[in-house]
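A.B. asks: Let me begin by handing over the structure; questions about it come next.
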Amino acid sequence: MHTHFDPEGNASALLDNSALSLVIPAEQNVHLYASFDTAWEQAVVAYINGERHENQLGSYVLRPSALTIPKRDAFYELTLVAWHKRSNPNEVLPWVASRGQRIGAVVFAWDDSAEDGDYRDVRIKLVTS
């Protein structure tokens, strides 16, 4: 397990497959489109070369379901980590890292801790331009 920061900036443990990464070529805008199939609160934190991105994706009003990362002069590693709470938004409950896997080249999927193994609680489709 690795230590990372949850959506609110608290140090939390990750599962070995929570963080999903890929290399983005130089001069490419990255468009991330999120879909959610869950009743629980979900959030996705992005990292660029290990540095936390300022914006997040999520299933409730405080976080949008789409995000564009502007092109950069050099290639970089983009890492996405999904988190969930076992409820609707609830500031008392902790964020828990979700299990992730890649589906093809451009879809990232996570399964929250409902133990159903469906990997559709959060899905991010990545498109470059």
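The values are calculated or read from the model by the stated rules, or taken from the named source; none is laboratory data. The structure presented is a predicted model; accordingly, all values stated were derived computationally and were not measured. So basically every Cβ, Gly included, is an ideal-geometry build from the backbone, and we count neighbours across all protein chains shown. Areas reflect the complete protein model, heavy atoms only, side chains present, ligands, DNA and RNA absent. Shrake-Rupley method; radii C 1.70, N 1.55, O 1.52, S 1.80 Å.
A.B. asks: About its Cα centre, what dipole magnitude does the chain give when the only charges are +1 on Lys and Arg Cβ and -1 on Asp and Glu Cβ, stated in debye to the nearest 20?
C.D. replies: Computed about the Cα centre, the dipole is about 300 debye.
A.B. asks: Ignoring ligands, DNA and RNA, please state the percent of accessible area on the chain from carbon and sulfur, probe 1.4 Å.
C.D. replies: Using a 1.4 Å probe with all protein chains present, the chain comes out at 52 percent carbon and sulfur.
A.B. asks: Express the accessible area of the chain per residue in Å², computed with a 1.4 Å probe while the remaining protein chains stay in the model.
C.D. replies: 52 Å²
A.B. asks: Arranged from highest to lowest average of other beta-carbon atoms within 10 Å per residue, in what order do the peptides 62-75, 43-56, 4-17 appear?
C.D. replies: 43-56, 4-17, 62-75
A.B. asks: At 7 Å along the Cα-to-beta-carbon direction for both ALA105 and VAL92, put a label point, then send me their distance in nm to one decimal.
C.D. replies: If labels sit at ALA105 and VAL92, their model points lie 4.8 nm apart.
A.B. asks: Relative contact order for the chain: what is it in percent, counting Cα pairs under 8 Å that are at least 6 residues apart?
C.D. replies: Over the chain, the number comes to 30 percent.
A.B. asks: Which three numbers, in whole Å and largest first, are the semi-axes of the equivalent ellipsoid of segment 1-90 derived from its Cα gyration tensor as √(5λ)?
C.D. replies: With the √(5λ) rule applied to segment 1-90, the semi-axes are 23, 16, 10 Å.
A.B. asks: Any chance you could run the full-extension gain for GLU115 through VAL23? It's 0.36 nm times the residue separation minus the Cα-Cα distance, nm to one decimal.
C.D. replies: This chain segment gains 30.1 nm when fully extended.
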